[in-house]
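A short worksheet on the structure shown next.
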Amino acid sequence: MSVRNREWPMALALTPALILILAPFVWLVISSFKTEAEIGQADPFTWPADLMWRNYLDAWQIGGFGDLVGNSLINLIGVVILSLITCAPAGYALAKIRFPGREWLFYAFILGLTVPVQAIVIPLYQVLFGLNLVNTLTGIVLVQVSNGIPFGIFLMRSFFIGVPDELIEAAKIDGASHFQILTKVFLPISTPAVQALVIISALSTWNDFFLPLIVLISPEVQTLPLGLVRFASTYASDYRLVFSGTVISFLPIILLYILMQRRFTEGLTQGAIKG
């Protein structure tokens, strides 16, 4: 039996699960184009008579989604950049530079994966309050970066371990420093791992509700998940607006994942094999 033929039973077995997962999203998207009267019909999957694009425009204007999306983008870009700046050098050092206590330091970072953020939220808030970073985008960026550092270091280290040491020796003969080796040798050949880290950081940041709920208080600095909850509670009876706003909230990150899913899978797979 060929590999392709062996895949058919697995595909058939996963089809019901796929339908269960996609059905709520399909229903939500279809309903976002309906009128209030059509949403109240018995069959939730009935196609709307006319596509009400006006629902999205109303939700965008009434809910202030322009500011919410802007805050979320600033938050996402800040977290992604700082995660790369911190996790890539740390992963390189823990994988290729020998120094006393290297293994213990790595285990300390891994220990961070076992500690839920809810367990440290009180001291975390106190630190931000002491630094005057509560209710600021800077504060939430720093908190989310620190929360994602353990996994980011684990991912980058797993990938860098598989890079031959001969590349480092050759670069050192040419007079390269560790920083030059990282930026000119390791990062160019670790694109899948970098892109996987970018996607993971972007997904977790865009969808994060708990940490922004603790740090961001004023509506002017709130991110999209917080704004969506506030919008849905205010217009709970206007389903067309709530559905349209929900689609607006998850559409950008789904598009990002679809565009980069191949690199995302490659980065996780290669990191797991090489680690």
### Message
Which residue, 209, 181, 163, has the largest displacement toward the positive end of the dipole of region 134-218 when charges sit on each Cβ (Lys, Arg +1; Asp, Glu -1)?
### Response
209
### Query
Residue separation times 0.36 nm, minus the C-alpha to C-alpha distance between residue 170 and residue 209: what's the value?
9.4 nm
#### Entry: Relative contact order (%) - the chain, alpha-carbon pairs under 8 angstrom, separation at least six
31
### Task
For region 9-106, calculate the relative contact order in percent as a whole number, restricting contacts to Cα pairs under 8 Å that are 6 or more residues apart.
16
### Query
Under the definition of Cα pairs under 8 Å and six or more residues apart, what whole-number percent is the relative contact order of region 80-175?
55
### Query
With a ≥ b ≥ c the root eigenvalues of the C-alpha gyration tensor of the chain, is it rounded (a/c under 1.5), prolate (a/b larger than b/c) or oblate?
oblate
### Query
Shape call for region 59-154 from the C-alpha gyration tensor, a ≥ b ≥ c root eigenvalues: rounded (a/c under 1.5), prolate (a/b greater than b/c) or oblate?
prolate
### Query
Put a dot 7 Å past each Cα toward the Cβ at residue 47 and residue 29; how far apart are the dots in nm?
1.4
### Query
Under 12 Å from the Cα of residue 96, which aspartates and glutamates turn up, not counting those fewer than eight places away in the same chain?
165, 166, 169
### Summary
Computed for region 37-127: size of charge dipole around the Cα centre, +1 on C-beta of each Lys and Arg, -1 on C-beta of each Asp and Glu, debye to nearest 20, value 800
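Every read-out reported here was derived from the displayed coordinates using simple, explicitly stated rules and does not represent laboratory data. Please read these numbers as outputs of a predicted model, since none were measured by experiment. Methodologically, a virtual Cβ is constructed for each residue, glycine included, from the backbone with ideal geometry; neighbour enumeration extends over all protein chains shown.
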